[in-house]
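In what follows, a structure is listed as structure tokens, so that the remarks can point back to it.
The values are calculated or read from the model by the stated rules, or taken from the named source; none is laboratory data. Keep in mind it's a predicted model, so treat the numbers as computed, not measured. Here Cβ is always computed from backbone atoms with ideal geometry, including for glycine, and neighbour counts include all displayed protein chains.
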Amino acid sequence: MMSECGPDFLCIGMQKSGTHWLYHRLRAHPDFCMLPRKELQFFGRAFPSPKVQAKLMAKRDAWLAEGTFTPADQAFTDLFMGLERRRDHPVSVYRSLFQFTGDRLSGDITPFYSSLDDTAIAAIKQALPDTKVMMIVRDPVARVWSALNDAANEGRIDGMCLRDADALRDVVQTHPAFARTSFPAASYRRWSRHFDVAVFDFADILQRPRALRDEIVTYLGGRAGLPMDTDAAENTKAGRFRLAQSPQIAAALRTLFADELRDCTQLFGDMARTWGR
């Protein structure tokens, strides 16, 4: 357990790879005091984001209604909502967000961090040298298809790219939400130059969720094997509409990620051998 405030760990992603699942499993564990906001998005962007603040207030209202909003949650919320939006907040501001977690473990689960460049990661290492770093990795083809479907369903991209291979290539290669966050091997290589990064497999959330939860809890310094929430296999995002990939789209995605898929197999071994198929 940390004696000074600050995160015990960073989970750097990937997006669409189970970070929502992870957050709720850790928040339910007695050794952890997870903040009421999963993604702080402190590094690499102006902070705090108005969108993040709005989501926090919606969460507060829902949890207050349920009677699950704790005094520590309220103290964090008061501090977070009072911050001025800036790009140059000192890391001491970031550390202060964890001052209400007591002697329990806590961390920041922000998938966006996977896209940070070497300079930003080096600065994080200097500021948080003892912080553990982990990532949940997923087949980049499946991950980007999930993200594309969500973006199309929400009107953030033209849904035509889900049916037209040329349009799909343009979106994946040029849209920041996909071009920077769909390459787990590249993200791992950047981060592992500065931190010892622990890697966990998204597929285990579906196949062995309780075992994966205990493996992550153990890595982070908590106790494994404890009775936890009964929804360890919960996927609150299951059931979202996903368009079936045409043969042309599937081929285009495999081509786009061919180099990345080979790199993933080299770095991650067996967990990545069937990716892209």
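Here are a few things to note about the model shown:
- Residue list for region 164-194, restricted to those being surrounded by fewer than 16 Cβ atoms within 10 Å (Cβ to Cβ), at pLDDT 95 or above and not charged (D, E, K, R): Ser192
- Filter pass, Leu35 being touching a Gly at 6+ places or on another chain (Cβ under 6 Å) and closer than 30 Å to Phe200 by Cα: no
- Within region 15-37, the set of residues being in a loop (DSSP other than H, G, I, E, B), in contact with a Ser or Thr (Cβ under 7 Å, 6 or more places away or on another chain) and under 22 Å from Tyr94 (Cβ atoms) comprises Gln15, Cys33, Met34, Leu35, Pro36.
- First in region 73-97 and within 19 Å of Ala58 (Cα to Cα), second anywhere and in a helix (DSSP H, G or I) and not polar (S, T, N, Q), Cβ under 6 Å, 6 or more apart: Thr77/Arg60
- Ala120 under 18 Å from the mean Cα position of the chain (by Cα), surrounded by fewer than 21 Cβ atoms within 10 Å (Cβ to Cβ) and either assigned to a loop (DSSP other than H, G, I, E, B) or modelled with pLDDT of 95 or more (or both): yes
- Hey, Asp150 closer than 22 Å to Gln41 by Cβ and part of a helix (DSSP H, G or I) or not: yes
- Test: residue in region 46-60 that is assigned to a loop (DSSP other than H, G, I, E, B), under 18 Å from the mean Cα position of the chain (by Cα), of a type outside the set (Lys, Arg) and surrounded by fewer than 18 Cβ atoms within 10 Å (Cβ to Cβ): yes
- Odd one out for Lys51 among (1) over 22 Å from Asp103 (Cα atoms); (2) at pLDDT 95 or above: (2)
- Checking Ala165, Ala185, Ala211, Ala203 one by one, the residue that is over 17 Å from the mean Cα position of the chain (by Cα) and closer than 24 Å to Ala258 by Cα is Ala165 and no other.
- Flag for Phe98 being of a type in the set (Phe, Trp, Tyr), within 19 Å of the chain's Cα centre (by Cα) and modelled with pLDDT under 95: no
- Look at (1) surrounded by fewer than 19 Cβ atoms within 10 Å (Cβ to Cβ); (2) at pLDDT 95 or above; (3) more than 30 Å from Phe178 (Cβ to Cβ) and you find that Asp73 fails only one, number (1).
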